[in-house]
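A short write-up of the structure that comes next.
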Amino acid sequence: MRRRYGYRIMKVAFLSFYVLVMVFPLYWIVITSLKPQKEIFSLPVRYWPEHLTLQNYVNIFKVSKFGVYIANSLLVSVTSALIVMVIAICSAYVLARFRFRGHRQIMLGFFVTQMLPGFISLAPLYMMMSSMHLLNQRISLILMYTVILIPFSTIMLRGFFQRIPSNLEEAAMIDGCSQLSALLRVIIPIMLPGISSMFIFAFVQNWNELFLAVMFIDNEALKTLPVAMNSFVLKFNVDWGAMSAGTVLSVLPTIVLFALAQKFIVEGLTQGAVKG
Amino acid sequence: MSARQKFILSGLLPALLLVLVFTYYPFFKGVAMAFQNYKLFNLKQVYFVGLQNFADAFKDPQFLAALKNSVYWVFCSLLLQFLLGFMLALVLNKRFWGRGVYQGFIFYPWALSGFLIGLIWKWLFNSQIGVINDLLLRLGLIHNRIGFLSDPKWAMASVITANVWYGIAFFTIMLLAALQSIPSELYEAASIDGANGYRKLFYVTIPYIMPTIIATTLLRVIWIFNDPTLIYGMTNGGPAGATHILSSFMLNKIIYDGDYGAASAVGVIMIVILFLYTLFYLMVTKSEKVGDF
């Protein structure tokens, strides 16, 4: 009995300490962003600001086109996530429901893309975009983000499709549906949680992507948030007030989305590894 | 062509075409660049140079340092992420009040990019006004502020700390899912046989989730090895190359030097290392079935 009690105390202590370690960096960046410039740079370090202010946020919108960056990031991330969703639903459905020559090779081809050091393609992609006159165009990012996410999204959605018994569409097809309309009317509605988690996952990846955007875009009006943050680092290296405010605005949407869809995302990401 | 074939083809075509043209084609083009003199600022003189880029790399002390750092970076990050992630998964495997909310608080770093995590930790580790120095001073653990990111002695340990923080959640999520798939009868049977908690862990839990452990550690090593974003945000390889790993070293050659040939050579070396590692790992663990295809 006493041992169990001691174990419980240890467990609670471990969990509390751990959550503190996980949350503290986020707390710190938020608090820094709300401190007046003077307080950030004065000692002793204050764990709760003496004066709360939104000045840092006002500043970054004043000195840069922060609103434009947010709009660009949203546009690129949402568009590409939508396109991936449509393409991956098609490929995942086919790979889940049919056996055909090349099936295994295609799956392998998708898996391998997840293991290649992607940066070896960065230079050739830059040259390709340049010759297609797509540099400094949002479409280059939408295109590449879509491509990058196709393999993973396909693998993830395929797992979801496999869990749905195929006699559901068979029944619909006996009732006169074509395979396509059975997919659209019967299967996709059931898959909605899985599909939305794939969509959110894709959105978060796009929202966070830095290096392709740095390579392809250097026009102020087209920059996405990570690119803007990257030039912030060079411009305001020591202005931690502006840096923190920018960071908070960059992470906020993804954290909210992730919190909302946590259950489904975790399910989608883990199923492959656990089955193996 | 039958209706079935048409359906298969039209479902797969967009995905296959895009991946072939924009993933595999540039990839092989990148591999070819490794054997070329290919500099962005001198595109008129692109020609094959054989193994020259590789020879140059192995003569470059910065590259050799990055190679050594990569090993250190992967090994320490993986070990700590795995051990802490596994411990946490074991604790979270039992239901307790508020577990869902708790999970939300510890999983959120997944939603952040390595680049932003790097920036956040750069601020935490700041040598003059950073909060980590302040905390350590207050706790009496140190007497003078440490230049965590400016002192080559500390820099690597600091970026690894941030990376461990970032990656624990991955193992927790994966291993927790695996733990939850263990049938409870196994534990009941072990209890009847008189096994205590320790024995259950080593004779039931770990053997049962071994495939997941093998798959996740394999994948994780590849990702940690390939991903330069955290280091880019935190130190970009500094001070004086002390925290460059191969991928961040390569990235700098592309973005700042525009020396695509040299960068690609580093990339090819990385692929060879990953390939050998994967072969070795699968042989040692005798696991032919990682992933589900």
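Since every read-out is calculated from the coordinates, none of them should be taken as a lab result. Predicted model, so just to flag it, every value in this text is computed and none were measured. Note that each Cβ is placed from the backbone with ideal geometry, even for glycine, and that neighbours are counted across all protein chains shown.
Sticking with the crude label model, points 7 Å out along Cα→Cβ, report the distance from B:Ser181 to A:Gln114 in nm, one decimal please.
For B:Ser181 paired with A:Gln114, the spin-label model returns 1.3 nm.
Average the reciprocal distances over every distinct pair of alpha-carbons in the range B:1-101, invert the result, and give the Kirkwood radius in Å. Show your work: numbers first, answer last.
Values: mean 1/r = 0.0510 Å⁻¹.
About 19.6 Å, per the Kirkwood formula over Cα pairs.
On a straight-distance basis, which aspartates and glutamates could pair with B:Lys59 in a cross-link, Cα separation under 20 angstrom, same-chain partners fewer than 8 positions away excluded?
Partners within reach: B:Asp257, B:Asp259.
Only Cα pairs under 8 Å and at least 6 apart count here; give the relative contact order of the range B:61-285 as a rounded whole percent.
Across the range B:61-285, relative contact order equals 32 percent.
7 Å from Cα along Cα→Cβ at both B:Leu64 and A:His133: what's the point-to-point distance in nm?
Going by the 7 Å Cα→Cβ label model, 5.0 nm.
Checking understanding here: applying a Kyte-Doolittle mean of at least -0.5 and a length along the axis of at least 30 Å (C-alpha), which whole DSSP H helices in chain A pass? Write out the running numbers ahead of the final one.
Details: long enough: A:2-33 (46 Å, 0.86); A:66-97 (46 Å, 1.87); A:138-163 (37 Å, 1.18); A:240-275 (46 Å, 1.09).
Long hydrophobic helices here: A:2-33, A:66-97, A:138-163, A:240-275.
Could you derive backbone 3J(HN,Hα) for the range B:209-223 from the dihedral phi with the Karplus parameters 6.51, -1.76 and 1.60 (θ = phi - 60°), listing whole Hz in sequence and x where the residue is Gly or Pro?
Calculated HN-Hα couplings, in order: 9, 3, x, 5, 4, 5, 5, 5, 5, 4, 4, 5, 4, 4, 5 Hz.
Can you list the lysines whose alpha carbon is less than 17 Å from that of B:Lys122, not counting same-chain residues fewer than 8 positions off?
Of all the lysines, those that pass the test against B:Lys122 - Cα under 17 Å, at least 8 places apart if same chain - are A:Lys235, B:Lys153.
About the Cα centre of the range B:61-285, what is the dipole size in debye to 20, counting +1 per Lys and Arg Cβ and -1 per Asp and Glu Cβ, all else neutral? Mind dumping the intermediate values first?
On the way: 12 positive and 8 negative charges, 79 e Å.
The calculated dipole for the range B:61-285 is roughly 380 debye.
Given the C-alpha centroids of the range A:128-160 and the range B:253-279, what is the distance between them in whole angstrom?
Their Cα centres are 22 Å away from one another.
As a test of the formula, what do you get for chain B when each DSSP H run with n ≥ 4 contributes -39,500 (n - 2.57) and the sum is divided by the residue count, at 222 nm and rounded to the nearest 500 deg cm²/dmol?
About -21500 deg cm²/dmol.
Explain nothing, just the number: relative contact order of the range A:54-275, from Cα pairs under 8 Å at least 6 residues apart, as a whole percent.
Details: 200 pairs, mean separation 77.0, N = 222.
The normalised contact order for the range A:54-275 reaches 35 percent.
Principal axis extents for chain B, Cα atoms only, whole Å, descending order, please.
76, 75, 34
What three numbers, in Å, describe the spread of the alpha carbons of the protein assembly as shown along their principal axes, ordered from the longest?
79, 75, 48
Amide H to amide H under 5 Å from B:Gln36: which residues, 5+ apart in sequence or cross-chain, H placed 1.01 Å off N in plane?
Amide H neighbours of B:Gln36: B:Val49.
First measure r as the distance between the Cβ atoms of A:Arg4 and B:Phe75, then evaluate 1/(1 + (r/R0)^6) with R0 = 51 Å and state the FRET efficiency to the nearest 0.05.
It comes out at approximately 0.90.
Calculate, axis by axis, the spread of Cα positions in the range A:54-275 along the three principal axes, and write the results as whole Å, longest axis first.
Over the range A:54-275, Cα extents along the principal axes are 65, 40, 33 Å.
Below 24 Å, Cα to Cα, which lysines can B:Lys44 reach? Residues fewer than 8 away in the same chain don't count.
B:Lys44 reaches B:Lys29, B:Lys253.
In nm, what is the difference between 0.36 nm times the number of residues separating B:Asp257 and B:Ala3 and their Cα-Cα distance?
86.2 nm
Given labels modelled 7 Å from the Cα in the Cβ direction, how far is it in nm from A:Glu39 to B:Leu51?
6.2 nm
How large is the direction-averaged shadow of the alpha-carbon convex hull of the range A:1-80, in nm²?
Result: a mean projected hull area of 9.8 nm².
Be a star and scan the range A:1-38 for residues whose amide nitrogen sits under 15 Å from the point 7 Å along the Cα-to-Cβ vector of A:His51.
Inside the label zone: A:34-38.
For the range A:161-276, taking Cα atoms only, what is the radius of gyration to one decimal and the Dmax to the nearest whole Å?
Considering the range A:161-276 through its Cα atoms, Rg and Dmax are 20.8, 68 Å.
What FRET efficiency do you get for B:Ile142 and A:Phe24 if R0 is 25 Å and r is their Cβ-Cβ distance, rounded to the nearest 0.05?
In this case the efficiency is close to 0.85.
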